[in-house]
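Report on the following structure.
Read the figures in this text as sums done on the coordinates, not as results from a lab. All figures in this text were calculated on a predicted structure; none of them were measured in a lab. FYI the Cβ positions are ideal-geometry reconstructions off the backbone, even for glycines, and counts take in every protein chain you see.
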Amino acid sequence: MPFLEIARLEKSFGALRVVRDFNLAIEKGEFVSLLGPSGCGKTTVLRMVAGFEAPDSGTIRIDGQDVLGLRPNQRSIGMVFQAYALFPNLTVAQNVGFGLKVKGTGRAEMDARVDEMLRLIGLPDLGQRYPFQLSGGQQQRVALARALAPKPQVLLLDEPLSALDAKVRVSLRNEIRAIQRDLGITTLFVTHDQEEALSMSDRVVVMNGGLAEQVGDPHEIYNRPATRFVAQFVGTLNVLEAEVTDPAAGRVRLAGQEIALGRPLPPGRASLALRPEVVSLGPAPGRDLRLAGRIAEVHFLGSVIRMRVAVGSDHVSLDAFNRPDAPPPAVGEAVELSVSPRDLLVLEG
Amino acid sequence: MTRAFAWIAFALGAIYFFLPLIGTVEFSLRMLRGQYSFEAYRRVLADPRFLDTLGYSVAMAVATIVFGVLLVVPTAFWVRLKMPRIRPLIEFITLLPLVIPAIVIVFGYIRLFNTSSILPLTGSAMGTNVLLMFGYATLALPYMYRAVDTGLRAIDVRTLTEAAQSLGAGWVTILARLILPNVLVAVLSGAFLTFAIVIGEFTMAALLNRPAFGPYMQLLGANRAYEPAALAVIAFAITWACMGLMQLVTRFQKHTRAQR
Ligand SMILES: Nc1ncnc2c1ncn2[C@@H]1O[C@H](COP(=O)(O)OP(=O)(O)OP(=O)(O)O)[C@@H](O)[C@H]1O
Ligand SMILES: [Mg+2]
């Protein structure tokens, strides 16, 4: 039985349907991300789990218990916010101990737990500081410790890294994931950063317009996107418009070239998608499908050379590694791209 | 040119403000013929009614402050958290005491709570004290509400409240352990203003016939020459001490406490 179970959740603000038929089952100890563009309803889902918003309909169960009748302070949920939500009038130690104190935990036990949490987040000596004396990254660590100290059943994080600078963001996300694994706490993480979602999660929920478009592990989301939206939102994607000439055999006409995909296609037009990393410049073993094109842009980034190649009326982006003995291709040069038909995704809709 | 004008304006203001003050101080020192002395102050301080009325007014001020804080902090918090749209309305209501004269308020009270009403507060001394405190709280409301609301603006009320709730805190804990400490400076400045208002208030106390400091000042002023001047200076000093404390607390806060 799933530990956190969200079923048929609906929420509207006035006429705006913010969350639509949202279903999600999370196993105990699992780390699941909600990924989607701004305004797609991620925060609203999280706030309904936390109890700050009431759904119009649907159910939320934690460990088999329906929590919709419970107020936020009865739900045993740890929450980390995007903005630094530390209590400014309390020290770091008092912040971390807040939930325990509210519960009526004894002094000795509380102090021990606070110490343990501060060590867990790698800030054992900062207990007496005030929040304004900490850096942004440190504040978010303390917020994490504060949320975890009372041993909640579920941890909710709403874009906890988005206010931090890039380096801190990457190191802290690894740290959060390590702590989460360590404690085995069931976690729902909200982000609009696909790299964050893919690198941290056991499973990712891609949301769009209040709907969960796809739920799957990062590899699956990236390589087998279920919808056009998922394909385009997650990662960089090249889309080529093709005309299906033989639906049964899977033959299409693409930029004046006839190619065989080797699987049946719906008749009419088809959108074919390619990740940049499945395209190579020039012939490559195992990639026997050839596309003729012309270099439109070249960006020399050091170890990587990023190119845009015009194929018919579409453009294909691809990356090549730098080779010390060969200069990058010139703009306007005619080139041949090779891909494997297997790697061509057919987008619906 | 504009600079000179500003200085002249400032000097005029200073003269307007300080001349009567200096005059009063000087006059209050001339009780004994031909020499400056503190005789008038000595007599004021020796008058038992001085201490009685001052004590009464201080007690009333403290009660008013406690009542005002308990009324205003949760209200301002709730409005910010749950009903931000009605904030202008609340703000308008809290301004009403500034436009409605105290005498109107107190006559209203007397009509509503006289001995033949359902709630005959004016029937007993204690009841009248309570009524007077409500009156004072009304007078102080514009200052108290504004101070607290400004204090709340400095913190993210909603996020802090939600963080506390998710940690298991109920409303009382949130108000007592988070909201109040974070608006303490604002509350204190509201409190000192309330104190100054209550100490000097005349109309309500006189009409409700309570032994407060304001009516005592008036009584003394009608019957003596030098003592009222001394009393005025003392009252003035108390008010200024309040303002000074307000400044001090604000300063102290800025250095030691949390800003984000
Ligand atoms: N309390 C509210 N009242 C009215 N509309 C709201 C409220 N909260 C959210 N919305 C609307 O619901 C939609 C979804 O909001 P939500 O905060 O869930 O988005 P999000 O996916 O978290 O976006 P972001 O990445 O920008 O945080 C938005 O259009 C927002 O304007
Ligand atoms: Mg959000």
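Numerical summary
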| read-out | value |
| --- | --- |
| Range of Cα positions in the protein assembly as shown per principal axis (Å), largest first | 120, 68, 49 |
| Value at 222 nm in deg cm²/dmol, rounded to 500, when DSSP H runs of n ≥ 4 in chain A each add -39,500 (n - 2.57) | -7500 deg cm²/dmol |
| Descending Cα extents along the principal axes, chain A, whole Å | 75, 50, 34 |
| Hz values of 3J(HN,Hα) by residue in the range A:210-221 - Karplus curve (6.51, -1.76, 1.60), Gly and Pro given as x | x, 9, 7, 7, 7, 10, x, 6, x, 4, 5, 4 |
| Selected from B:A235, B:A225, B:A140 as most flexible by GNM, with chain B as the system and alpha-carbon contacts under 10 Å | B:A225 |
| Karplus-derived 3J(HN,Hα), 6.51/-1.76/1.60, for each residue of the range B:196-213, Hz, glycine and proline x | 4, 5, 5, 4, x, 5, 10, 3, 5, 4, 5, 5, 8, 6, 9, x, 9, 5 |
| Other-chain or far-sequence residues with amide H under 5 Å of A:Q82's (modelled H) | A:D158 |
| Long-range HN-HN contacts of A:I185 with modeled amide H, under 5 Å | none |
| Cα pair distances of the range A:80-195 binned at 5 Å [whole percent] | 2, 12, 24, 25, 22, 11, 4, 1, 0 |
| Label-point gap, in nm, between B:F202 and A:F321 - each point 7 angstrom along Cα→Cβ | 9.3 |
| Volume per residue of the C-alpha convex hull in the range B:112-195, rounded to whole Å³ | 124 |
| Under 15 Å from the A:E195 label point (7 Å along Cα→beta-carbon), backbone N, the range A:151-168 | A:161-168 |
| Förster radius 56 Å - calculated FRET efficiency between A:R306 and B:K82 (Cβ-Cβ, nearest 0.05) | 0.65 |
| Whole-number percent relative contact order across chain A, with pairs defined as alpha carbons under 8 Å at least 6 apart | 15 |
| Rg over Rh [alpha-carbon atoms, Kirkwood Rh] for the range B:48-259 | 1.02 |
| Theoretical FRET efficiency, 1/(1+(r/R0)^6), r = Cβ-Cβ of A:R8 and B:A46, R0 56 Å, to 0.05 | 0.10 |
| Mean projection area, nm², convex hull over Cα of the range B:166-260 | 9.0 |
| Helix A:136-148 vs. chain A, principal-axis angle (Cα, 0 to 90°, nearest 10) | 60 |
| Loop trypsin sites (Lys or Arg not before Pro), the range B:7-104, which have at most 14 other Cβ atoms in a 10 Å radius of their Cβ (DSSP) | B:R33 |
| B:R30 versus A:A226: modelled label distance in nm, points set 7 Å from Cα along the beta carbon direction | 9.5 |
| Theoretical FRET efficiency, 1/(1+(r/R0)^6), r = Cβ-Cβ of A:R342 and A:V170, R0 30 Å, to 0.05 | 0.40 |
| Table column - 3J(HN,Hα) (Hz), the range A:150-166, Karplus curve with 6.51, -1.76, 1.60, x for Gly and Pro | x, 6, x, 6, 9, 10, 10, 10, 10, 6, x, 9, 6, 8, 9, 7, 3 |
| Inverse of mean 1/r across different Cα pairs in the range B:81-121, Kirkwood, Å | 12.3 |
| Placed amide H near A:M207: partners under 5 Å, 5+ positions off or other chain | A:L35, A:G36, A:E213 |
| Where labels lie 7 Å past Cα in the beta-carbon direction, separation of A:S271 and B:L112 in nm | 6.6 |
| Cα-centred dipole magnitude for the range B:48-259, charges only on beta-carbon of K, R (+1) and D, E (-1), debye, nearest 20 | 440 |
